[in-house]
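Engineer: Pasting a structure below so you can have a look.
What follows is calculated from the coordinates using simple rules that are stated; it is not laboratory data. Note that this is a predicted model, so its numbers are computed, not measured. Backbone-built Cβ (ideal geometry, glycine too); neighbour counts: all protein chains shown.
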Amino acid sequence: MQPILTVGSVAFDSVKTPFGDVSQMVGGSATYFSVAASFFTNVRIVAVVGDDFAEEQMEIFSGRRIDLTGLQHVPGETFRWKGEYSLDLNTRDTLYTHLNVFEQFHPILPESYRPTPFVFLANIHPALQGEVLDQVTEPRFVAADTMNYWIDGTPDELRKVLKRVDALIINDEEVRGLSGESNLVKGARAIQEMGPRILIIKRGESGVLMTRDAGFFAVPAMPLEAVLDPTGAGDTFAGGFMGYLALANEMTDTVVTRAIIAGSALASFAVEDFGLSRLVRLTTEELHERFTEFKRLTHFDAL
Ligand code: AMP
């Protein structure tokens, strides 16, 4: 079992879906990622919060295998984000993004973090993702997320980071934006040329498509009766995926495909309630059971 280092946002999220409207919940990409990955291994967070992020909010991390030495507390307000979803939950408008303390943020890795072998660069400015990699002494497996904002706004910095990334985890629209190809298969090949040998394409309720040397691997999303809030599903998926790899500490094809199922299983819980509420009450037994349900969902006997 190996530890994972992650850099990303710790936030106050407000979310409106057809099923409710919740304000100022603890969220952020690094939060979803680390809570998810901590089901499998130790996670080291690099992020920043303001002085409005009190003991009460820190509770979300407590009792889990999450090292907060690299979580900077600075004067000012914590990052805030609000999103509103369409009726079918497939599209989302960002109503506001207040960077606040993130505006001046530069990741500083505590000495104890520097030898971490598994690294997840959540969706932040690619220059900051690069700054993290500069401080890690022996990265063995690096995964990253990004979004159209950086693909369009900071393409050169992003290209530099992609050269240092083993796995890129993005959605289908971002694949099209980054590659300039409307066809996903061609787009995936073009992105692999940029550096990442593994590309994981998140397709919302259609599940996940992975390309790697051995070809494609696809998993549907778990059919669920209640989906209340898709926020953070992608970061939760990434947490399960990286957590499983770091636990297994190998990257064979079998392990990587199982890691895709682990990520999909965790993400399927994340969407069942608002914010992190379902994940924080999730048990390992429930997670194990859903992993097995995925096997039933996808298994068939070939002739
Ligand atoms: P996802 O649903 O996977 O896009 O992730 C949503 C999470 O990302 C929320 O918890 C937000 O706080 C966080 N988030 C949204 N926009 C940004 C941004 N520009 N930088 C960092 N984190 C963000």
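Engineer: Based solely on its DSSP helices, what 222 nm [θ] is calculated for the chain when runs of n ≥ 4 H residues each add -39,500 (n - 2.57) and the sum is averaged over all residues, nearest 500 deg cm²/dmol?
Structural biologist: Theoretical 222 nm ellipticity from helices: -10500 deg cm²/dmol.
Engineer: Could you give the nm distance between label points at Asn90 and Glu250, where each point is 7 Å from its Cα heading toward the beta carbon?
Structural biologist: Each label point lies 7 Å from its Cα, and together they span 4.1 nm.
Engineer: In sequence order, what are the phi-derived ³J(HN,Hα) couplings for region 274-283 according to the Karplus relation 6.51 cos²θ - 1.76 cosθ + 1.60 with θ = phi - 60°, rounded to whole Hz, with x for glycine and proline?
Structural biologist: Listing the rounded values in order: 6, x, 9, 4, 6, 5, 6, 9, 6, 9 Hz.
Engineer: Please list, in order along region 249-262, the HN-Hα scalar couplings obtained from phi with the Karplus expression 6.51 cos²θ - 1.76 cosθ + 1.60 (θ = phi - 60°), rounded to whole Hz, x for Gly and Pro.
Structural biologist: Here the 3J(HN,Hα) series is 6, 8, 10, 5, 4, 4, 5, 5, 5, 5, 5, 4, 5, 4 Hz.
Engineer: Now for a separate question. Can you tell me which of 242-253, 281-292 comes out highest on packing, and rank the rest after it, using the mean Cβ neighbours within 10 Å? Write out the running numbers ahead of the final one.
Structural biologist: Values: 242-253: 19.4, 281-292: 13.3.
Put in order of decreasing packing, that is 242-253, 281-292.
Engineer: What net charge do the residues around Asp253 carry, taking every other residue with its C-beta under 15 Å from that of Asp253, with Lys and Arg at +1 and Asp and Glu at -1?
Structural biologist: For residues surrounding Asp253, the net value is 0.
Engineer: Okay, next question. Long-range amide H contacts for Gly70: which residues qualify at under 5 Å (H placed 1.01 Å from N, peptide plane, sequence gap of 5 or more or a different chain)?
Structural biologist: The list, which skips near neighbours in sequence, is Ile45.
Engineer: Could you check the spin-label model distance between Thr69 and Glu286? Points 7 Å from the Cα along Cα→Cβ, value in nm.
Structural biologist: Using points 7 Å along Cα→Cβ, the separation is 3.2 nm.
Engineer: Putting +1 on Lys and Arg Cβ atoms and -1 on Asp and Glu Cβ atoms, find which of Ser277, Ala262, Met25 reaches farthest to the positive end of the dipole of the chain.
Structural biologist: Ala262
Engineer: Beta carbons within 10 angstrom, averaged per residue: use that to sort the peptides 2-14, 200-212, highest first.
Structural biologist: 2-14, 200-212
Engineer: Enumerate the calculated ³J(HN,Hα) couplings along region 224-233 in order (Karplus 6.51 cos²θ - 1.76 cosθ + 1.60, θ = phi - 60°), each rounded to whole Hz, writing x wherever the residue is Gly or Pro.
Structural biologist: 10, 6, 10, 10, 9, 7, x, 4, x, 4
Engineer: Which order do the peptides 164-176, 17-29 come out in when sorted by mean C-beta neighbours inside 10 angstrom, highest first?
Structural biologist: Output ranking for 164-176, 17-29: 164-176, 17-29.
Engineer: Could you give the nm distance between label points at Glu55 and Arg197, where each point is 7 Å from its Cα heading toward the beta carbon?
Structural biologist: Result for the modelled spin labels: 4.9 nm.
Engineer: Considering only Cα-Cα distances, which of the following residue pairs are longer than 26 Å: Lys82/Lys202; Lys160/Lys202; Lys16/Lys202; Lys82/Lys163; Lys202/Lys295; Lys160/Lys186? Spell out each step's value before the answer.
Structural biologist: Working: Lys82/Lys202 21 Å; Lys160/Lys202 23 Å; Lys16/Lys202 22 Å; Lys82/Lys163 32 Å; Lys202/Lys295 19 Å; Lys160/Lys186 21 Å.
Distance filter (> 26 Å) returns Lys82/Lys163.
Engineer: Pick from Gly234, Gly215, Gly83 the residue whose mean-square fluctuation is largest in a GNM of the chain, springs joining Cα atoms under 10 Å.
Structural biologist: Gly215
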